[in-house]
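Q: Sending over a structure as structure tokens; questions will come in a sec.
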Amino acid sequence: MSVDLASSLTGSPVAAGRIAELTGLIRTTSGESRTTYSPLTGEGIAEVPVSSIADVDAAFTVAREAQKTWSQTSLRERKKALLRLHDLVLEHQDELLDLIQIESGKSRSHAFDEIAHLALTARFYARRLRRQIRPRRRNGALPALTSITVNQVPKGVVGIISPWNYPLTMAISDGLPAVAAGNAVVHKPDSQSPLIALAGVELMRKAGFPADVWQVVSGAGSVVGTAIIERADYVCFTGSTATGKLIAKQAAERLISCSLELGGKNPMIVLPSADIDKAAEGAVNACFSSAGQLCVSIERIYVPESRFEEFRVAFVSRVEHLALGAALDWDADIGSLVSQAQLDTVTDHVKDAVAKGATVLAGGNARPDIGPYFYEPTVLEGVSEDAECHAGETFGPLVSLYPYATTDDAIALANQGDYGLNASLWGKPREARVIAGRIKAGTVNINEGFSATFGSVDAPMGGMRQSGLGRRQGVEGILRYTEPQSVGVQRGFPMAGPAFLQPRTYSKVLIAGLKILRRTPRA
């Protein structure tokens, strides 16, 4: 059933029986399967069943029926399930960390980010659920006579297509507010990393979420993903801008909403007031977390001309000391790229930039001696505007340094291009907050790379411009899965006026009332 990969690395086996338990959660009758491979070694992990279109149909049929009952479940019961999930994620973190590393190749410290984020998300929506989706009173047209209540009605069945780079938290955290709001989910995890997503689904069921409320299907995005979009009442997708545009078109044809977190070419600005050592240290994690395979990862750094050399020395010295490793332990700073395709992209971007005049300050080499897809954390300077990595997303351990003359120049450079996902500013907070309002990005982190906004689950997160639509996290992250429904109750006499008043007389009464309300501050 699988290669005993974890055993060969750490003595903690992922047994064939365990893999069978997880893949048994996939709805499939096709009899087909595909082999998944670990980027850490290139060895096979598991034979994962593939779902057919008929399986997707069945998943939606089951989910729609289950949603009818689930939507009537009390908020108290949903809260209990969310808090139980929080506890289970922490209790099972060792196995979850192993699976994240085996399937995605990232270091253990970066894998732990997913554990923490999922637990934070579960707790946040548990504690805020009632205030976020309870019916709310609004002002009626005629004071005392008209009352308005706004309900948050669940969409129905939400389709979630989750990525390989954050295979646990992007799979489960995006769906938690959907089910918390009373929806059901049909979920397609990425084909590279299904086991960790399935482990998350298994914990949800143990926490008390009904099995039928979260259906899992497996297969190619062009087949199974398309089938989900054609059947869902809402679609949540994390991935490339190119694929996101296709999904947006498909959703628009059906007049359904979608949330899309897409690509980015995220900038960091080191302001003249910055502490250079702190900025250099922060830039390391901002650029190379998960080997740079993170939508909000920093890929370009702008530094004042007067402090460029100082920052370059401080940053490069730190990058050169980063340790790469393939073991399932806490020793490595950076893990592997996920595939040959990702390795090829990074290699090509570096070669192209150097051919066009760039200088490699650190890294610049693949490391097959460690694993098949490892690549050194790489820093470039002198990257020309015609280089592929100047404006194009690399999605790997590659960052370029650029000097700037004035802060206005830095802002203009940071806003170049079509993306607008994340940005990082380093300097005095008061100054940086003013500049943040001028940056075209859905999240801006001050004296942090991305974690301040990513980890603050009460705050919305998403992209501007070509980096996506909609927001995850915060109240926005749950309300996207609902439809606001206004319920109006009229008392006394109808809106058109009482029968004993002529229309002209009633209009004069209304005009007098409007004038009174105009002078009433709270009306």
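Q: Can you pull out every residue in the range 315-350 that is in a helix (DSSP H, G or I) and either closer than 30 Å to residue 96 by Cβ or more than 30 Å from the chain's Cα centre (by Cα) (or both)?
A: Within the range 315-350, 317, 318, 319, 340, 341, 342, 343, 344, 345, 346 meet the criteria.
Q: Next question. Go through the range 200-210 and give me each residue that's more than 29 Å from residue 421 (Cα to Cα) and either open to solvent by less than 20 Å² (accessible area, probe 1.4 Å) or part of a helix (DSSP H, G or I) (or both). Write out each step before concluding.
A: Applying the first criterion (more than 29 Å from residue 421 (Cα to Cα)) to the range 200-210 yields 202-210.
Passing the criteria: 202, 203, 204, 205, 206, 207, 209.
Q: Another question, then. Please verify whether the range 131-149 includes one or more residues that are open to solvent by less than 10 Å² (accessible area, probe 1.4 Å) and assigned to a helix (DSSP H, G or I).
A: Among the residues of the range 131-149, not one is open to solvent by less than 10 Å² (accessible area, probe 1.4 Å) and assigned to a helix (DSSP H, G or I), which makes the answer no.
Q: Further, regarding this structure: Kindly indicate the residue of the range 260-277 that is among the small types (Gly, Ala, Ser) and surrounded by fewer than 23 Cβ atoms within 10 Å (Cβ to Cβ) and also nearest to the chain's Cα centre (by Cα) among those meeting that condition.
A: Residue satisfying both the conditions and the ranking: 263.
Q: A further question follows. Within the range 307-323, work out how many residues are open to solvent by 20 Å² or more (accessible area, probe 1.4 Å) and either farther than 30 Å from residue 167 by Cα or in contact with a Lys or Arg (Cβ under 6 Å, 6 or more places away or on another chain) (or both).
A: Number satisfying all stated conditions: 7.
Q: For residue 493, work out the one condition from (1) within 23 Å of residue 126 (Cα to Cα); (2) at pLDDT below 95; (3) of a type in the set (Phe, Trp, Tyr) it doesn't fulfil.
A: That leaves (1) as the condition not met.
Q: A further question follows. Can you name the residue in the range 211-231 that is closer than 13 Å to residue 67 by Cα and not aromatic (Phe, Trp, Tyr) and, of all such residues, is most open to solvent (accessible area, probe 1.4 Å)? Steps first, please.
A: Keep residues of the range 211-231 that are closer than 13 Å to residue 67 by Cα, which gives 211-215.
Narrowing the set further to residues that are not aromatic (Phe, Trp, Tyr) leaves 211-213, 215.
On the way: 211: 42, 212: 75, 213: 4, 215: 9 Å².
Among those that are closer than 13 Å to residue 67 by Cα and not aromatic (Phe, Trp, Tyr), it is 212.
Q: Just name the residue that is nearest to residue 260 (Cα to Cα) out of those in the range 401-430 that are touching a residue at least 12 places away in the same chain (Cβ under 8 Å) and β-branched (Val, Ile, Thr).
A: 411
Q: Can you find a residue that is aromatic (Phe, Trp, Tyr) and assigned to a helix (DSSP H, G or I) anywhere in the range 25-45?
A: For the range 25-45, residues aromatic (Phe, Trp, Tyr) and assigned to a helix (DSSP H, G or I): absent.
Q: Determine, yes or no, whether residue 21 is touching a helix residue (DSSP H, G or I) at 6+ places or on another chain (Cβ under 9 Å) and surrounded by fewer than 21 Cβ atoms within 10 Å (Cβ to Cβ).
A: yes
Q: What pairs can you find where one residue is in the range 61-88 and over 19 Å from residue 174 (Cα atoms), the other is open to solvent by 40 Å² or more (accessible area, probe 1.4 Å) and part of a helix (DSSP H, G or I), and their Cβ atoms are less than 6 Å apart, with a gap of 6+ or different chains?
A: 62/212; 66/212
Q: Can I ask one more? Kindly indicate whether any position in the range 37-46 is on the phi > 0 side of the Ramachandran plot, surrounded by 19 or more Cβ atoms within 10 Å (Cβ to Cβ) and modelled with pLDDT of 95 or more.
A: No, that holds for no residue.
Q: Next question. Sort through 470, 474, 455, 488 and tell me the only one that's in contact (Cβ under 8 Å) with a residue 60 or more places away in the chain and out of contact with any Gly (no Cβ under 9 Å at 6 or more places or on another chain).
A: Among 470, 474, 455, 488, only 455 is in contact (Cβ under 8 Å) with a residue 60 or more places away in the chain and out of contact with any Gly (no Cβ under 9 Å at 6 or more places or on another chain).
Q: Taking residue 251, is it at pLDDT 95 or above, surrounded by fewer than 24 Cβ atoms within 10 Å (Cβ to Cβ) and closer than 24 Å to residue 465 by Cα?
A: So residue 251 fits the description; yes.
Q: What tally of residues in the range 136-182 results from selecting those that are closer than 27 Å to residue 112 by Cα and either hydroxyl-bearing (Ser, Thr, Tyr) or without any contact (Cβ under 8 Å) to a residue 12 or more places away in the chain (or both)?
A: 4
Q: I need the full set of residues from the range 502-523 which are in contact with a helix residue (DSSP H, G or I) (Cβ under 7 Å, 6 or more places away or on another chain) and open to solvent by less than 60 Å² (accessible area, probe 1.4 Å), in order please.
A: Matches in the range 502-523: none.
Q: Same structure again: Across the range 335-365, what is the number of residues that are open to solvent by less than 50 Å² (accessible area, probe 1.4 Å) and more than 22 Å from residue 283 (Cβ to Cβ)?
A: Residues meeting the conditions: 5.
Q: In the range 160-185, how many are part of a helix (DSSP H, G or I) and out of contact with any His (no Cβ under 6 Å at 6 or more places or on another chain)?
A: So the answer is 8.
Q: Give the range 472-523 a look and list any residue that's in a strand (DSSP E or B) and among the charged types (D, E, K, R), or say none.
A: 472, 483 - these are the residues of the range 472-523 that are in a strand (DSSP E or B) and among the charged types (D, E, K, R).
Q: Next up: Go through the range 355-386 and count every residue that is without any contact (Cβ under 8 Å) to a residue 24 or more places away in the chain and not in a loop (DSSP other than H, G, I, E, B).
A: Selection size over the range 355-386: 4.
Q: Could you check, for the range 103-120, whether at least one of its residues is of a type in the set (Phe, Trp, Tyr), buried (at least 20 other Cβ atoms within 10 Å of the Cβ), out of contact with any Cys (no Cβ under 6 Å at 6 or more places or on another chain) and part of a helix (DSSP H, G or I)?
A: Checking the range 103-120: not a single residue is of a type in the set (Phe, Trp, Tyr), buried (at least 20 other Cβ atoms within 10 Å of the Cβ), out of contact with any Cys (no Cβ under 6 Å at 6 or more places or on another chain) and part of a helix (DSSP H, G or I).
Q: Here is a further query. Take the residues in the range 47-61 that are open to solvent by 40 Å² or more (accessible area, probe 1.4 Å) and in a helix (DSSP H, G or I); name whichever of them is nearest to residue 183 (Cα to Cα).
A: Taking the candidates together, the pick is 61.
Q: Collect the residues in the range 459-475 that are under 14 Å from the mean Cα position of the chain (by Cα) and open to solvent by 80 Å² or more (accessible area, probe 1.4 Å), keeping them in residue-number order.
A: The one that is under 14 Å from the mean Cα position of the chain (by Cα) and open to solvent by 80 Å² or more (accessible area, probe 1.4 Å): 469.
Q: Go through (1) more than 20 Å from residue 309 (Cβ to Cβ); (2) open to solvent by 50 Å² or more (accessible area, probe 1.4 Å); (3) part of a loop (DSSP other than H, G, I, E, B) one by one and return the number of the condition residue 394 breaks.
A: (2)
Q: Additional query: Quick one: which residue in 491, 480 is loosely packed, with under 12 Cβ neighbours inside 10 Å and touching a strand residue (DSSP E or B) at 6+ places or on another chain (Cβ under 9 Å)? Let's see the steps before the verdict.
A: Details: 480 fails: loosely packed, with under 12 Cβ neighbours inside 10 Å.
From the options 491, 480, the qualifying one is 491.
The values are calculated or read from the model by the stated rules, or taken from the named source; none is laboratory data. These numbers come from a predicted model, not from an experiment. Neighbour counts are summed over all protein chains in view; Cβ atoms, including those assigned to glycine, are modelled from backbone coordinates with ideal geometry. Protein only, heavy atoms only, side chains kept; ligands, DNA and RNA dropped before computing areas. Shrake-Rupley method; radii C 1.70, N 1.55, O 1.52, S 1.80 Å.
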